[in-house]
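Rule-based calculations on the coordinates, nothing more; no lab input. The structure displayed is predicted, hence computed values, not measured ones. All Cβ positions, glycine included, derive from the backbone under ideal geometry; neighbour counts span all protein chains shown.
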Amino acid sequence: MSYQIEYQRACAEPEAFWREQAQALDWFKFPKTVLSQDEHGMDRWFADGELNTCYLALDHHVANGRADQAALIYDSPVTDTKKTYSYQDLLNEVALFAGALKRQGVAKGDTVVIYMPMIPQALIAMLAVARLGAIHSVVFGGFAAHELAVRIDDAKPKAIVSASCGIEVCRTIAYKPLLDEALKQAQHSPNACIIYQREQQLAELQPGRDLDWNAAMSDATPTDCTPVKATDPLYILYTSGTTGKPKGVVRDNGGHAVALNYSMQAIYNMSPGEVFWAASDVGWVVGHSYIVYGPLIYGCTTVMYEGKPIMTPNAGEFWRVCKEYDVKTLFAAPTAFRAIRKEDPNAELLNKADLAGLRVIFMAGERLDPPTYEWTKAVTGKCIVDHWWQTETGWAICANPIGLEMKIAKPGSSTVPSPGFQVHVLDDQGEPLPPMEQGSIAIKRPLPPSCLPTIWGDIERFKSSYLNVYPGYYTSGDGGYIDEDGYVFIMGRTDDVINVAGHRLSTGEMEEVVAMHDAVAECCVIGINDDLKGQLPLGLVLLKNGYEEQADTVQEELIALVRQEIGALACFKIAMVVPRLPKTRSGKILRKLLRQIASGEEFTIPSTIDDPNSIYDIQELMAERGLIVEKLAG
Ligand code: COA
Ligand code: AMP
């Protein structure tokens, strides 16, 4: 089937197209209604269908000949552990853990927060929650206590599942004290916390509230799947917006299962039984979709890797894992390959013969810069696919849909829109722009299955953030252009979101933390280019009178504060005291101008600027500190 025919059919006859895709799944009640609107006027898929996502991921396969097939391979170089779970093994564990959660009062529609490192128990917990028809909210392990507290207060979980520790390069991170601190800060209290004790560092359990995972499992009764409506939420995943409050992206059960199952063939060209490896983290959307749900719903074997692309122990890890498990498709962030290239520029740790089974390397999470594309292609000899997506969509908006047709790749482009996504480039007035002209990337409604129907508990925020900007469209927050051949080029965010090592972070949120410091009169955080991580945050700070002598100390305290409040993953390592911030006469900080200066781009000082010297001062300071970096090539 050629891409063009499939794409046009998905646009022209969305209901017939997606009904057909839905038929690939084992529903409890097949939907009669394919596309409809809910009480808020939002598009909903398969409204009267009934299913259970855990059933699709496990029970269906066990009942249909995959009981002994490997479902999950856990490979942890940081603890020197490898373990394979068959579909039957995984089903047994999940059904039992669902029983343990049920005993703690978790039922259909309840929420459960999961704050865990990359261990099988994280995946088991997610599927167990789904089994009960409850809603999970996984919080990335790198987030600090405050971030966890904010999410706990928003999701109001009945239970929290965590582990005693996570293992980073050369250090163990105790999770439990972070959880305890978060619960101290949060208004909401869960019924119970179930803690998986890892031998690397045990946690102290609080009697009456905390329960040991093994103890909870030992007296649990395996529990069956609870049917849910296709439109019932499967999970909430918080992502950074432009304000300090993260947005709880809601994913439903039916549309999500249909779209992911479709994507495993159409985008990734996988066959059931093959091994798929997304080298991400379950705390991110890539982990939800392609470590857990996509591969399992489709009957593949998924790899869960607890380690880094380098340093655990070296830059040959990706190649080792691909060889050891005969991985057919590898999916990772460009930053991972930049890190490998930096450590092993000539790919001496890579023996091409070891990658005989590997067909394709997919990348996402940030723009795949052409040098990284070229290097990875040259050293591996494999097909490299850049694909663009967001937490909000759950699967690729644009990709080279190699399961339908292999398009010729254009470095710098995430190729063409996936069937179901009508991608347009709009100007500030919402008018479509011609090919090659850069503007805001928007997707015409209805969005295809799996895309968010709302923000958890805040439909108005969903409308104002995404739908009201350009009526009739979903606005992606990304800018870019489409070329004459219909190839989409995503050039970066148009808002205050930055991408650090494939992690989406809000500069607005960092500003709120920096502004908490007593010495800070005003501040601004921008993203600057970084050769390894893509972007890094840079804080520009104006001190209150009287603090001038303490500038160095304040800079250090600000770095520590962001690490404490948001987490180490923010990589907030540069805070620079400035004599003044460039502003318009109406008081708006000229962030775009600051970004242009830091990127070494040409800039024009707007006529509305309050004090032009403010710009030159900052330019000089940035130059002194070597912060004016060259743009990433391409
Ligand atoms: N729990 C606790 N801390 C964590 C963490 C976690 N799960 N993940 C990261 N951190 C910490 C790190 O220890 C580090 O702390 P440090 O400042 O004390 O060194 C900090 O957060 C930054 O981490 P990271 O961005 O991972 O930097 P790194 O230098 O350790 O590794 C890369 C660099 C490029 C190897 C790494 O960023 C990487 O593998 N990126 C790929 C990201 C990815 O897969 N994203 C998913 C999108 S598809
Ligand atoms: P997240 O929601 O964390 O997956 O981050 C989504 C954001 O990451 C997008 O809005 C883009 O800014 C960026 N992104 C993801 N994939 C790509 C890609 N292939 N090319 C360019 N930017 C990307």
Revision key, fill the gap. Here segment 580-596 yields Karplus 3J(HN,Hα) values (6.51, -1.76, 1.60; θ = phi - 60°; whole Hz; Gly and Pro given as x) of 6, 9, x, 9, 6, 5, 8, x, 8, 5, 7, 5, 4, 4, 5, 5, 4
Practice item. Please give the calculated 222 nm ellipticity per residue for the chain, where each DSSP H segment of at least 4 residues contributes -39500 (n - 2.57) and the sum is spread over every residue; nearest 500 deg cm²/dmol? Key: -8000 deg cm²/dmol
Exercise for review: Per residue of segment 18-26, in order, report the coupling 6.51 cos²θ - 1.76 cosθ + 1.60 (Karplus, θ = phi - 60°) as ³J(HN,Hα) in whole Hz, putting x for Gly and Pro.
Suggested key: 6, 4, 4, 5, 5, 5, 6, 9, 9
Check your understanding: Residue-wise, which Karplus ³J(HN,Hα) couplings in Hz belong to segment 46-56, taking 6.51 cos²θ - 1.76 cosθ + 1.60, θ = phi - 60°, and x for glycine or proline?
Key -> 6, 3, 9, x, 10, 6, 9, 5, 5, 4, 5
Check your understanding: Which cross-chain or sequence-distant (5 or more) residues have an amide H under 5 Å from the amide H of L211, H modelled 1.01 Å from N in plane?
Key -> C193, I194, I195
Review point. Amide H of V360: which non-local residues (sequence gap of 5 or more, or other chain) have their own amide H closer than 5 Å, using H built in the peptide plane?
Key: L330
Review point. Residue farthest toward the positive end of the dipole of segment 381-476, with Cβ of Lys/Arg at +1 and Asp/Glu at -1: which of A399, C383, G420?
Key: C383
Revision key, fill the gap. Between the residues S189, M491, S450, the Cα farthest towards the positive end of the dipole of the chain, that dipole coming from +1 and -1 charges on the beta-carbon of Lys, Arg, Asp and Glu, is from S450
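Multiply the residue separation of A378 and I408 by 0.36 nm, subtract the distance between their alpha-carbon atoms, and state the gained length in nm to one decimal.
On the way: separation 30, 0.36 × 30 = 10.80 nm, distance 1.62 nm.
Answer, rounded to one decimal: 9.2 nm.
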Exercise for review: Rounding to the nearest 20 debye, state how big the charge dipole of the chain is about its Cα centre with +1 on each Lys and Arg Cβ and -1 on each Asp and Glu Cβ.
Suggested key: 960
Revision key, fill the gap. Once amide hydrogens are built 1.01 Å from N within the peptide plane, the residues lying 5 or more places from M491 or on another chain with amide H under 5 Å from its amide H are G479, G480, Y481
**Study point:** Longest exposed-site-free window of the chain, the sites being trypsin sites (Lys or Arg not before Pro) in a DSSP loop that have at most 13 other C-beta atoms within 10 Å
**Key:** 109-543
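Among all stretches of the chain without exposed GluC sites (Glu not before Pro) (DSSP loop, at most 14 other Cβ atoms within 10 Å), which one is longest? Don't skip to the answer; put the middle values down first.
Numbers: sites that count: E39, E199, E204, E348, E437, E484, E601, E602, E630.
Here the longest run is 40-198.
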Revision key, fill the gap. Expressed in angstrom and rounded, the centroid-to-centroid distance over alpha carbons for segment 312-378 and segment 569-634 is 35
Check your understanding: What dipole magnitude, in Debye to the nearest 20, does segment 194-305 give about its Cα centre under +1 on Lys/Arg Cβ and -1 on Asp/Glu Cβ?
Key -> 480
**Study point:** Cα-based reach from K352 at 30 Å (exclusive), listing lysines while leaving out same-chain residues under 8 positions away
**Key:** K82, K83, K308, K323, K328, K342, K377, K382, K407, K410, K533
Practice item. Could you give the size of the charge dipole of segment 517-624 about its Cα centre, using +1 on the Cβ of each K and R and -1 on the Cβ of each D and E, expressed in debye and rounded to the nearest 20? Key: 540
Exercise for review: Would you work out which of Y325, I459, G307 lies farthest towards the positive end of the dipole of the chain, given +1 charges on the beta-carbon of Lys and Arg and -1 on that of Asp and Glu, about the Cα centre?
Suggested key: Y325
Review point. E548 versus C170, label points 7 Å from Cα toward the beta carbon: distance in nm?
Key: 4.0
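Among the chymotrypsin sites (Phe, Trp or Tyr not before Pro) in segment 1-107, which ones are in a DSSP loop with at most 15 other Cβ atoms within 10 Å of the Cβ? Mind listing them?
Details: sites: Y3, Y7, F17, W18, W27, F28, W45, F46, Y55, Y74, Y85, Y87, F97; in loops: W27, F28, F46.
Within segment 1-107, the qualifying chymotrypsin sites (Phe, Trp or Tyr not before Pro) (loop, at most 15 other Cβ atoms within 10 Å) are F28.
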